[in-house]
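Each remark here refers to the structure printed beneath this line.
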Amino acid sequence: MDDAELQSRVHEHRLFFDKLVDLIPAKFYISKDEEENTWHYGMSKAQRAAAKQATRENLKKAKRDRLDPDKFTSTLDLLQQRSEASSKTEAKAADASENGNAQVQGNRATTYEELRERLRKRMEELRAKRNADAAAATARKARNWKDEKKKQNARSQKRSIGVAAQHTTTQPAETHKKQKLAHVGGMAENVEKEIGDKNNTFEFGRVKMGLGSEVNGQSKKRRRESKEKLLVKATKLQQQMQDPENGEDVRLKHTWNAALSRSSGEKVYDDPGLLKQSVKREKLKRQKSSKKWGQRKETVNQLIDAKQQTRQEHIKERKQQKLERKMAKREKKLLRPGFEGRRETFINE
Amino acid sequence: MARTRRKKKRTQNALQSEGEAEKVPRSFVIGRGKLPPLLRQLLKDLRKLMLPHTAVHLKEKKSNSMKDFLHVAGPLGVTHFLLLSHTDKAAYLRVARCPRGPTLTFKIHSYALDAEIARTQIRPRAPEGLFKNSPLIVLAGFGGEGEHLKVTTTMFQNIFPAINVNTVNLATCQRVVLLNYDKESKLIDFRHYSISLQPVGVSRPLKKLVYNRKIPDLRGLGDVSEFVTKSGYGSESEVEDEGSTVQLSSDVGHLKYKAPKSAVRLQEIGPRMTMQLVKVEEGLCSGAVLFHEYIKKTPEEIAALKENKEKREALRKQRRAEQEANVRRKE
């Protein structure tokens with residue numbers, strides 16, 4: 001009895017709430033889930049256009065449906081549809097998760113090992129596919145070779161700086177000039193014979209290749225050593241030359257090499273006296289320029305100070321003038337002939 | 001207003017660093033001591049040879065010393081000195097590199113002047129722009145053993161500016177200097193030629209018509225075709241040798257005679273000398289002697305000489321210091 005009464009009352013309440021819900025338009029009551037047509041970051045122009053088109057069509061369709069009396073669905077109906085759809089998906093999900101849960105709950109320990117095994121197998125598969133080991137080995141070899149080469153280059157560059165400059169032309173230039181010279185007046189036959197003789201070599205004027213070429217075994221942009229370092233080197237060289245046993249050889253070799261490089265235009269700094277002079281000159285120049293810089297800074301600061309000074313003065317003047325003006329104004333008011341209110345002393349004296 | 005404001009374009013001298021690497025070698029050709037007239041003419045010829053990177057109207061007075069030239073050489077960018085001097089034995093040519101470079105001393109055994117060579121030729125050549133570009137240089141036979149030969153090679157190679165293979169215009173290579181070294185006699189032949197290109201394989205009358213624009217004389221011929229087909233293929237002096245003809249590429253620049261196959265003709269101009277390398281010194285006409293053809297000194301003698309020199313230097317410095325002290329005292 002009670003049950004039936006309760007049920008009927010609940011039913012009445014329910015009907016009442018349904019009517020209320022019906023009064024609310026669906027737009028305000030039912031939350032719309034995120035649609036794909038809304039803009040999000042990363043949409044291309046085509047995607048955006050498509051989305052816009054879709055929304056426009058949806059709008060049109062929705063408007064027509066709204067005004068179509070047959071297709072009228074009240075808020076309540078929409079709610080019911082919603083709940084049915086969600087319950088179906090929940091049922092499916094529940095079934096799936098039940099099965100899954102059972103497994104997971106059962107043997108937790110072994111699945112970790114299984115997973116690890118699977119991971120290892122998968123990694124090996126992938127590595128075998130891309131020949132990881134071989135690739136790593138070759139990469140290592142290549143890196144070692146590159147380092148070796150760099151060291152060798154550095155060593156050979158150091159060596160070639162002391163060695164005399166060699167002048168050679170490239171093949172095309174040589175053949176070109178050889179052709180030109182093969183008809184030296186009156187010596188044609190002799191030249192033909194002598195070219196075979198290995199003592200009779202031809203050498204030609206210097207030829208420059210393109211930009212950034214290596215001239216005389218040195219690249220164009222070499223860091224110049226400071227004069228102090230050169231001085232140290234030169235004094236060391238002198239000492240080596242004074243050395244009783246190897247001194248002569250060192251001296252001979254050095255003088256010939258120096259002569260060769262000087263004749264080809266490179267500057268050889270081997271006189272410690274001259275180097276000392278230039279070190280001193282550089283130092284004096286640096287001192288002078290730093291002094292000049294200091295003076296320049298001084299003058300700039302002085303200018304700034306002077307300007308600031310005048311500025312402060314003007315500000316002060318203005319303040320004073322303002323005050324004076326005020327006082328003058330007051331005085332003018334008070335100095336009116338026959339003004340009774342002016343008192344010399346305070347009021348309550 | 002902002003658009004017409006001056007725009008600073010060359011705020012940094014970007015070409016400065018490039019220019020340093022491509023300094024053109026310049027030379028001074030100077031006579032030392034009183035030279036006989038023939039040698040004075042040789043001096044002028046040498047100056048002409050070294051054009052354009054030399055002072056062709058260099059005025060030297062008797063009172064000018066080496067130091068004066070050295071002082072001027074720095075600012076002017078002069079890199080080589082060629083000094084011609086004369087004793088009753090022979091004339092000497094010294095090739096030195098400024099400012100501290102080695103000096104090569106050559107003894108001139110015999111020489112011939114420009115004018116004399118021109119007189120021996122039937123048609124001496126002197127085209128307009130011959131001396132507007134530096135000559136090429138070829139050194140033959142210098143490959144033997146000996147540091148002095150190497151120094152000679154480098155010295156001569158660097159007297160003339162280097163040729164940039166990419167930008168060179170073949171029309172500017174109009175002269176060549178040849179130095180030939182003879183191992184037995186140790187003599188260096190110095191020759192100076194002008195280069196000209198002659199088209200090969202063209203008959204003489206045609207050549208004259210096309211290149212010299214000479215109107216042909218058709219008096220003896222019946223038909224114009226006879227003029228083209230008649231006489232000889234090339235001149236007698238034409239060279240048959242394949243080795244001396246050059247296949248010029250199409251991008252040969254503004255060469256005047258641009259036949260596809262040309263022969264290179266050299267005609268001698270300029271002085272001719274036979275010299276012998278006598279001395280190589282370390283400094284500019286000073287310094288230690290690195291090589292001497294005739295005089296060989298033992299190491300002890302060299303050491304003794306050096307000692308003497310150092311002693312003299314020390315003495316001189318001492319004397320100068322004393323004098324200065326005296327002067328200061330007297331003031």
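The values are calculated or read from the model by the stated rules, or taken from the named source; none is laboratory data. Predicted model only: the values in this text are computed from it and were never measured. With ideal geometry, Cβ positions are generated from the backbone for all residues, glycine too; neighbour counts draw on all protein chains shown.
In this structure, A:R56 does not satisfy being of a type outside the set (S, T, N, Q), at pLDDT 90 or above, out of contact with any Pro (no Cβ under 6 Å at 6 or more places or on another chain) and closer than 20 Å to A:L79 by Cα. Residues that are surrounded by 14 or more Cβ atoms within 10 Å (Cβ to Cβ) and small (G, A, S) do occur in region B:115-129, at least one of them.
For every residue, the table says whether it meets (1) assigned to a loop (DSSP other than H, G, I, E, B); (2) within 13 Å of chain A (Cβ to nearest Cβ).
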| residue | (1), (2) |
| --- | --- |
| B:D88 | yes, no |
| B:I108 | no, no |
| B:A115 | no, no |
| B:F142 | yes, yes |
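Candidates are the residues of region B:90-106 that are closer than 26 Å to A:F204 by Cβ, away from chain A (no Cβ under 12 Å) and hydrophobic (A, V, I, L, M, F, W, C); the one that is nearest to the chain's Cα centre (by Cα) is B:L93.
Take the residues in region A:214-271 that are within 18 Å of B:T152 (Cα to Cα) and polar (S, T, N, Q); name whichever of them is modelled with the lowest pLDDT. Top of the filtered list is A:N216. Of A:K253, A:K233, A:K283, A:K316, all but one fail to be over 30 Å from B:E282 (Cβ atoms) and free of Cβ contacts under 8 Å to residues at least 40 places away in the same chain; the exception is A:K316. Quick check: anything in region A:87-107 modelled with pLDDT of 85 or more and small (G, A, S)? Yes, there is a match, as at least one residue in region A:87-107 is modelled with pLDDT of 85 or more and small (G, A, S).
Checked across region A:37-45, the condition of being outside the structural domain of A:T75 (by TED's automatic domain parsing), assigned to a loop (DSSP other than H, G, I, E, B) and under 22 Å from A:R82 (Cα atoms) holds for at least one residue.
Among the residues in region B:127-140, are any farther than 15 Å from B:I159 by Cβ, assigned to a loop (DSSP other than H, G, I, E, B) and within 14 Å of chain A (Cβ to nearest Cβ)? No - not one qualifying residue is present in region B:127-140.
When B:E20, B:E60 are checked against the criterion of being modelled with pLDDT under 90 and within 14 Å of chain A (Cβ to nearest Cβ), a single residue qualifies: B:E20.
Assess whether B:I188 counts as being closer than 20 Å to A:L260 by Cβ, modelled with pLDDT of 90 or more and more than 10 Å from chain A (Cβ to nearest Cβ). So B:I188 passes the test. Entry remark, region B:144-166: residues being part of a loop (DSSP other than H, G, I, E, B), at the interface with chain A (Cβ under 9 Å from one of its Cβ atoms) and over 13 Å from the mean Cα position of the chain (by Cα) number 3 in total. Output the residues belonging to region A:36-90 that are under 28 Å from A:D22 (Cβ atoms) and either touching a residue at least 60 places away in the same chain (Cβ under 8 Å) or hydrophobic (A, V, I, L, M, F, W, C) (or both). Within region A:36-90, A:L59, A:A62, A:L67, A:F72, A:L76, A:L78, A:L79, A:A85 qualify.
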